[in-house]
1. Would you confirm whether or not region 143-156 contains a residue that is among the small types (Gly, Ala, Ser), under 17 Å from the mean Cα position of the chain (by Cα) and not in a loop (DSSP other than H, G, I, E, B)?
2. Report yes if ALA92 is over 30 Å from VAL36 (Cα atoms) and part of a helix (DSSP H, G or I), otherwise no.
3. Identify the residue in region 231-252 that is closer than 19 Å to ALA172 by Cβ and over 18 Å from the mean Cα position of the chain (by Cα) and, among all such residues, is surrounded by the most Cβ atoms within 10 Å (Cβ to Cβ).
4. Please identify the pairs in which a residue from region 239-258 that is more than 16 Å from PRO210 (Cβ to Cβ) has its Cβ atom under 7 Å from the Cβ atom of a residue that is aromatic (Phe, Trp, Tyr) and buried (at least 16 other Cβ atoms within 10 Å of the Cβ), counting only partners at least 6 apart or on another chain.
5. Among the residues of region 39-77, how many are part of a helix (DSSP H, G or I) and of a type in the set (D, E, K, R)?
6. Suppose we filter region 208-236 for residues that are part of a loop (DSSP other than H, G, I, E, B), touching a helix residue (DSSP H, G or I) at 6+ places or on another chain (Cβ under 7 Å) and farther than 19 Å from THR248 by Cβ; how many remain?
7. Restricting the search to region 126-135, which residues are in contact with a helix residue (DSSP H, G or I) (Cβ under 7 Å, 6 or more places away or on another chain) and surrounded by fewer than 21 Cβ atoms within 10 Å (Cβ to Cβ)?
Amino acid sequence: MAIIDSQVHAYEANTPKRPWATVPNWPDHVTGDEMVAAMDKVGVDGAIFISSFSMYRYDASYAADVARAHPGRMAIVKPVDPEDENVADVVAEWKKTPGAVGIRIMLTKENKRAPGHPGLDRIARAAVRYDFPVNLLCWDNIDDGTALVDRHPDTRFIIDHLGILQPRTPPAPAQPWADLPKVLALAKRKNAVIKVSGACTLSREPYPFPDIWEPLARVFDAWGLDRCLWGTDWTRAFAVVNYEQAVTPFLKTDRLSDTERAMLMGGACAKAYGWSPKKG
């Protein structure tokens, strides 16, 4: 089976050439080359590289550089700006970028945008026109995320990080799965799939994080494994788990058959993005 990580963030060191917008609690650098080396070490064949909003905002130029350097290993997704009246042109240009497989919306509470925001409508329509799925970050704001998915039934949405707010540092919150009922209800929307990314950060037990499997089983049952995209969310998860710890529990668990593992850890992602890795 081809193993595809549905969400990774690579980046250069913070320099005047390409300065970071914020400085998160991540390593000083995890370049595209370093990310591919980490993938090789644990047998991950390819990854969807989400350009880091916290560092680069709407500039995905580094992601484009990495996709050119590793064309068979990295496909790329760009955050797009709902406040840009010309965002449809931005999406059209991104479609021409080698390795581009999607766009991303940040629909979090701090951004204070309603689901009916005209910029979100422009992005959703452009995604249909240019045949891109929309990655939707709506953790801690899943009601608005659901409303946006319902508002645009012809747009394909990929729900980031199980739709559940995940910690940047340990420990996990006391009730990490509190929004799970809303996540399960969202599964009824046939124009959405969900990333099972960053799940290990929700564990309140040490590696290999055995307490994630009961809530994940409910996600798998509601969404179907062909709509569940495994991912690590590394390096955002850096302070909680290392890359190997985020991969191995899914590779080794006896909770999944080989067929189920192949779908969760690659098949569903390849289908959602229309992309499969090719090793040189």
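1. So far as region 143-156 goes, yes, one or more of its residues are among the small types (Gly, Ala, Ser), under 17 Å from the mean Cα position of the chain (by Cα) and not in a loop (DSSP other than H, G, I, E, B).
2. No.
3. The residue in question is PRO249.
4. TYR243/TRP234
5. Selection size over region 39-77: 4.
6. 0
7. Scanning region 126-135 gives a single hit, TYR130.
Every residue, every condition in (1) buried (at least 21 other Cβ atoms within 10 Å of the Cβ); (2) more than 29 Å from ARG151 (Cβ to Cβ); (3) without any contact (Cβ under 8 Å) to a residue 40 or more places away in the chain; (4) among the small types (Gly, Ala, Ser), yes or no:
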position	(1), (2), (3), (4)
ASP40	no, yes, yes, no
ARG68	no, yes, yes, no
LEU120	yes, no, yes, no
ILE123	yes, no, no, no
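Every read-out reported here was derived from the displayed coordinates using simple, explicitly stated rules and does not represent laboratory data. Small disclaimer: the values here were computed from a predicted structure and weren't measured. Glycine also receives a Cβ, built like all others from the backbone with ideal geometry; neighbour counts cover every protein chain displayed.
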